[in-house]
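Just so you know, all these numbers are worked out from the coordinates, no wet-lab data involved. Everything numeric here is computed off the predicted structure, so don't read it as measured data. Backbone-built Cβ (ideal geometry, glycine too); neighbour counts: all protein chains shown.
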Amino acid sequence: RYPAFTQLYVAELWRTNRAWQSTLLVVRQEAVAVVEDVLREAVRSGELSEEIDIPLTAAALVGMVLVAALDWQAFQPERSIDEVHSALSLLLHGRVSGH
């Protein structure tokens, strides 16, 4: 929904000594914390394995969605948000292996 913000976030987050870094770190932590909470609840309910590394998995999921969103906007803008959501959902549900 906010491609300019997403581009700024991805471009600046991993650069050191930048004006935006402290603000983006707060935004990143807030986003990752939401995903961590969802993962913890899924582990508690038995939907996910207790073996997962919650902080790393949450960061990986946030990163995956950000990069997919940028790729969609830059290289596949003709696709609908429903198509993108469906593709990412299949990946998250582990249904891409063909087995």
Let's see if you can work this out: charge +1 on each Lys and Arg Cβ, -1 on each Asp and Glu Cβ, no other charges. What is the dipole magnitude of the range 3-92 about its Cα centre, in debye to the nearest 20? 420 debye
Evaluate the distance, in nm, between pseudo-label points positioned 7 Å from the Cα of Asn17 and of Phe75 along their respective Cα→Cβ axes. 3.3 nm
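Kindly rank 42-49, 85-92, 31-38 from highest to lowest mean number of other beta carbons found within 10 Å of each residue. Provide the component values of the computation, followed by the final result.
Details: 42-49: 11.0, 85-92: 12.5, 31-38: 15.4.
Per-residue mean Cβ counts within 10 Å order the peptides as 31-38, 85-92, 42-49.
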Fewest-first ranking of Ile81, Ile52, using other Cβ atoms within 10 Å as the exposure measure: Ile81, Ile52
Among (1) 69, 15, 6; (2) 22, 17, 11; (3) 25, 21, 10, the entry that matches semi-axes √(5λ) of the Cα gyration tensor in Å as calculated here: (3)
What is the distance, in nm, between label points placed 7 Å from the Cα along the Cα-to-Cβ direction at Arg44 and at Val67? 3.1 nm
